[in-house]
């Protein structure tokens, strides 16, 4: 899989998770929709997302992420990719 | 010397500040005092030209960011009153507020423009005369009748602020809508006099000055923001404006508190508890000198951990409903002995107020240890609830001691301790009767939080035809620790009489929160009612 494919997969997974598990909606949430500022996701939902990303991808967003990573589904997906590949094991030489 | 008004205090602070000094800092931008003044003056001039001045209400419907502070300040400079609209609330609630206080103008930013139509259509009152839109495209501007682009105000900063009206102490300064227990939001009206009295007290009591860096954690529709913004600017200090997202990320805040060199932090206790869990102790914020909390009871076991994590920081509990800004405060001692597990006192009355206790028969209580309701009178008090004389008369009443003038009945049950501090016994409306006993929900919550594994607890009363009320509780556990309902009930049984032990206890991953960051008791009650119906 290319990096683009991986990004697409992660984005789709997060979109499905946020839409169905957090928002409990049928119709997919746009991947660029702001999650927090819009009031769509509250602190409880944010925790669900953080836990899901930790479990699914082994990425601890609250430790290595920045607030900008939590903006939307696409920024979350990009952060997962960045932190997976730049994880402590493989990062800076 | 007469009490300066809110605007006078803020303008004086800005006059004294170096125009190149940062006034507002966020993760995205830095706004100097000079830029802040120019930006806010642009807004104020546009408002004044549209005839929006003293007495007028201006809605500010913007995400939490430095430009929103510019907007709020612009409204004050125009002599008008700002009404912060929760950017994260459903638009229907925004419309209900816009209708309730008949906004003369509305300032909105890009994320809210798509909902503008929904709010302004069917408003059932005169539409705002002026809309100031930040980040609108030409189509959106054309569509919004009376719309004017924020960006155009910024480029045409020609008028001097001397042309702007100076509000009188009795003129409105801000209206904060709080959720009423009945479900309809109520607008707490503060004036340039009451806001000024509070800000002046805050600045003096905590000796804030130009070297301070304030956090702005609370959303602007929450009364903690009055100190965060106006006491900071009146002091010539710098404000670190946290976005609503940043404000939720406890591990991030625990890390950044030191890096941002915050000196004055003010928030609800719950985020501080989460920051402790996120290992605040290992990122000691060297610059922090003053940590203030308000809005909820700080569970003593967690407060002790905070005290130990930050031994050199002065900790204060500020207390009082939005209607009084703040009416009492308590300095947390350098050590909280293990044997003290009950809640800390709420302290003494603010120096610019008179506070006293009235018993259920209407007599003033002067003896130690006898319970009554806390009253306050003096400069900090609201003018009333917007367009609601009945509710206002319930809260602001003739001084029950027979003296001339009005006082505010806070509805908080207190008693006087030998130390001279008030002890908080609970809200009059958190007292419930179960099996004939009068029960304070806070006492049940304090017992649950005394369990080593419990991070947070909320007791919920459910109406019950047979018992009067059944009590159930929701708890959140500390990471990595476990306890089940049976263990928690057994723990309560060692501390509470049997009629106070929650019948059901649920363990949940996190508490639902209100927009101001407090535990959302209404949502919890709804969930329980759905489950037990």
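The values are calculated or read from the model by the stated rules, or taken from the named source; none is laboratory data. In this text the structure is predicted, and so the values were computed from the model without any measurement. For neighbour counting, all protein chains shown are included, and Cβ atoms are generated from backbone atoms with ideal geometry for every residue, glycine included.
Quick check on my filter: what residues within region B:326-354 are touching a strand residue (DSSP E or B) at 6+ places or on another chain (Cβ under 7 Å) and more than 17 Å from residue B:269 (Cα to Cα)? Walk me through it before giving the result.
Initially, region B:326-354 is screened for residues touching a strand residue (DSSP E or B) at 6+ places or on another chain (Cβ under 7 Å), giving B:326-332, B:343-350, B:352-354.
Of everything in region B:326-354, those that are touching a strand residue (DSSP E or B) at 6+ places or on another chain (Cβ under 7 Å) and more than 17 Å from residue B:269 (Cα to Cα) turn out to be B:327, B:348, B:349, B:350, B:352, B:353, B:354.
Being out of contact with any strand residue (DSSP E or B) (no Cβ under 9 Å at 6 or more places or on another chain), surrounded by fewer than 16 Cβ atoms within 10 Å (Cβ to Cβ) and either free of Cβ contacts under 8 Å to residues at least 24 places away in the same chain or within 11 Å of chain B (Cβ to nearest Cβ) (or both): is that true of residue A:3 here? Explain how you work it out, then say what you get.
Numbers: out of contact with any strand residue (DSSP E or B) (no Cβ under 9 Å at 6 or more places or on another chain): yes; surrounded by fewer than 16 Cβ atoms within 10 Å (Cβ to Cβ): yes; either free of Cβ contacts under 8 Å to residues at least 24 places away in the same chain or within 11 Å of chain B (Cβ to nearest Cβ) (or both): no.
So residue A:3 does not fit the description; no.
The single condition from (1) at pLDDT below 95; (2) more than 19 Å from residue B:147 (Cα to Cα); (3) in contact with a helix residue (DSSP H, G or I) (Cβ under 8 Å, 6 or more places away or on another chain); (4) away from chain A (no Cβ under 14 Å) that residue B:10 fails is (1). Here residue B:471 clears all of (1) more than 23 Å from residue B:332 (Cα to Cα); (2) in a helix (DSSP H, G or I) except the condition numbered (2). Of the numbered criteria (1) surrounded by fewer than 17 Cβ atoms within 10 Å (Cβ to Cβ); (2) in contact with a helix residue (DSSP H, G or I) (Cβ under 8 Å, 6 or more places away or on another chain); (3) in a loop (DSSP other than H, G, I, E, B), the one residue B:482 fails is (2).
Do we have residue B:265 as over 16 Å from residue A:43 (Cα atoms), in contact (Cβ under 8 Å) with a residue 24 or more places away in the chain and buried (at least 24 other Cβ atoms within 10 Å of the Cβ) here? Taking the combined requirement at face value, the residue satisfies it. Residues that are more than 13 Å from the chain's Cα centre (by Cα) and facing another protein chain (nearest Cβ under 7 Å) within region A:39-48 comprise A:39, A:42, A:43, A:44, listed in sequence order.
Is it the case that residue B:238 is out of contact with any helix residue (DSSP H, G or I) (no Cβ under 9 Å at 6 or more places or on another chain), more than 19 Å from residue A:67 (Cβ to Cβ) and crowded, with 19+ Cβ neighbours inside 10 Å? Judged against the criteria, residue B:238 is not a match.
Residue-level check: of (1) touching a residue at least 24 places away in the same chain (Cβ under 8 Å); (2) in contact with a helix residue (DSSP H, G or I) (Cβ under 6 Å, 6 or more places away or on another chain); (3) within 25 Å of residue B:61 (Cα to Cα), residue B:232 misses just (2).
Residue-by-condition table, conditions (1) within 14 Å of another protein chain (Cβ to nearest Cβ); (2) exposed (fewer than 14 other Cβ atoms within 10 Å of the Cβ); (3) in a loop (DSSP other than H, G, I, E, B):
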{"position": "A:27", "(1), (2), (3)": "no, yes, yes"}
{"position": "A:35", "(1), (2), (3)": "yes, no, yes"}
{"position": "A:56", "(1), (2), (3)": "no, yes, no"}
{"position": "A:59", "(1), (2), (3)": "yes, no, yes"}
{"position": "A:74", "(1), (2), (3)": "no, no, no"}
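The combined condition, being within 14 Å of another protein chain (Cβ to nearest Cβ) and crowded, with 23+ Cβ neighbours inside 10 Å, is not fulfilled by residue B:303. Considered as a group, the residues in region B:249-267 that are part of a loop (DSSP other than H, G, I, E, B) and within 23 Å of residue B:206 (Cα to Cα) include one that is nearest to the other protein chains (Cβ to nearest Cβ), and that residue is B:260.
Give, as residue ranges, the strands (runs of 3 or more DSSP E) completely inside region B:50-141 that count at least 1 residues that are buried (at least 22 other Cβ atoms within 10 Å of the Cβ) and within 21 Å of the chain's Cα centre (by Cα).
Values: elements: B:57-61, B:81-84, B:105-109, B:130-134.
Here the list reads B:57-61, B:81-84.
With the structure loaded, tell me whether residue B:233 is within 14 Å of chain A (Cβ to nearest Cβ) and either buried (at least 24 other Cβ atoms within 10 Å of the Cβ) or touching a strand residue (DSSP E or B) at 6+ places or on another chain (Cβ under 7 Å) (or both) or whether it fails that test. It is false that residue B:233 is within 14 Å of chain A (Cβ to nearest Cβ) and either buried (at least 24 other Cβ atoms within 10 Å of the Cβ) or touching a strand residue (DSSP E or B) at 6+ places or on another chain (Cβ under 7 Å) (or both). Could you go through region B:513-531 and let me know if any residue there is farther than 30 Å from residue B:225 by Cα, at pLDDT 90 or above and touching a strand residue (DSSP E or B) at 6+ places or on another chain (Cβ under 6 Å). Yes: region B:513-531 contains one or more residues that are farther than 30 Å from residue B:225 by Cα, at pLDDT 90 or above and touching a strand residue (DSSP E or B) at 6+ places or on another chain (Cβ under 6 Å).
Going by the conditions given, is residue A:64 over 21 Å from residue B:89 (Cα atoms), within 14 Å of chain B (Cβ to nearest Cβ), touching a helix residue (DSSP H, G or I) at 6+ places or on another chain (Cβ under 6 Å) and modelled with pLDDT of 90 or more? Walk me through how you get there before you give the answer.
Details: over 21 Å from residue B:89 (Cα atoms): yes; within 14 Å of chain B (Cβ to nearest Cβ): yes; touching a helix residue (DSSP H, G or I) at 6+ places or on another chain (Cβ under 6 Å): yes; modelled with pLDDT of 90 or more: no.
Here the answer is no, as residue A:64 does not meet what is asked.
Give the residues of region B:194-218 that are more than 18 Å from residue B:316 (Cβ to Cβ) and crowded, with 23+ Cβ neighbours inside 10 Å, sorted by residue number. Talk me through it step by step, then tell me what you get.
The initial filter retains those residues of region B:194-218 that are more than 18 Å from residue B:316 (Cβ to Cβ), namely B:194-197, B:210-211.
Listed by number, the residues that qualify are B:194, B:195, B:196, B:197.
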